[in-house]
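Notes follow once the structure below has been shown.
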Amino acid sequence: MTRKLIIATVLMLSIVMVSCSTKPSDSPKPSDSNTTTVEQNKDDNNSSNTDSKKANETTADAKKVNKVKLSIYSVDENSLEPNESGTIEVNQNLPLQDKLKELAKAVSEKRFDSLPIEVKSIDTINGKKVATINLTDSNNKKWVPKFQGSTGGSVTASTLIENFLQSNNKSKGEWINGVKFLYNNEAIEYEHASALSTIKYAN
């Protein structure tokens, strides 16, 4: 009788052990794990590409700066009429004085052999914005020949006045109403460039 009980117990234990060893595992299959990882990597890559694209678009937007064109005028020696001989582009959002400085640099290089042209200030006179422009040469008198001669002095005066007033430029945006010129911080008193001795206003 005892022997039968022992055999029955061994059989029961064997059945239980077999059933435990054949029970489906709850752990994910290797293939399931790989699939999940691949999908996560795809999501991460898509997210990274989207972020990169947005960053590039932001950078591109930052580089898009609104520009305005300023004219560079030359003056005909016979008719003394101004002609647009070129343009420069400046940032529309710059302060007016900075726009004038960029124009002064271009006019100096293109029309006056790079002689210094300084934008001193913008003042309100009788409700109008008037820029003061100082022609400087450290007292070596390099500007003086440009003020002399009936034609030479007139061309110099007209070139400076037309370029700084930009009267014929309809796309310049905010601009000055008038301009005053100095030579080494003093009034310009040369007969043939007499137009530079007083404030000139836009038409």
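Using the heavy atoms of the protein chains and a 1.4 angstrom probe, tell me the accessible area per residue for region 80-122 in square angstrom.
Values: 2380 Å² over 43 residues.
With the other protein chains kept in place, region 80-122 gives 55 Å² per residue.
Rounded to whole Å and sorted largest first, what semi-axes of the equivalent ellipsoid does the C-alpha gyration tensor of region 141-203 yield via the square root of 5 times each eigenvalue?
Value: 23, 12, 9 Å, ordered largest first.
Using a 1.4 Å probe over the heavy atoms of the protein chains, calculate the carbon and sulfur portion of the accessible area of region 73-203 as a whole percent.
41
Could you list which residues have their amide H under 5 Å from that of LEU80, counting only those 5 or more apart in sequence or on another chain, with H placed in the peptide plane?
none
Determine the percent antiparallel among the DSSP beta bridges restricted to region 97-203, to the nearest 5.
Numbers: 12 of 18 bridges.
If I count the DSSP bridges inside region 97-203, around 65 percent turn out antiparallel.
Measure out, as a whole number of angstrom, how far apart the alpha-carbon centroids of region 177-202 and region 108-128 sit.
11
Scan around ASP137 for amide H atoms under 5 Å from its own, H built in the peptide plane at 1.01 Å from N, and keep only partners 5 or more places away or cross-chain.
The answer is ASN184.
Amide H of ILE72: which non-local residues (sequence gap of 5 or more, or other chain) have their own amide H closer than 5 Å, using H built in the peptide plane?
Distant-sequence amide H within range of ILE72: SER85, GLY86, THR87, ILE88.
What number comes out for the charge environment of LYS99, summing +1 per Lys or Arg and -1 per Asp or Glu over other residues with Cβ under 13 Å away?
+2
The values are calculated or read from the model by the stated rules, or taken from the named source; none is laboratory data. Computed from a predicted model, the values in this text were never measured in an experiment. Every residue, glycine among them, receives a Cβ derived from its backbone with ideal geometry; neighbour counts consider all protein chains shown. Note: areas computed on protein heavy atoms with side chains; ligands, DNA, RNA excluded. Shrake-Rupley method; radii C 1.70, N 1.55, O 1.52, S 1.80 Å.
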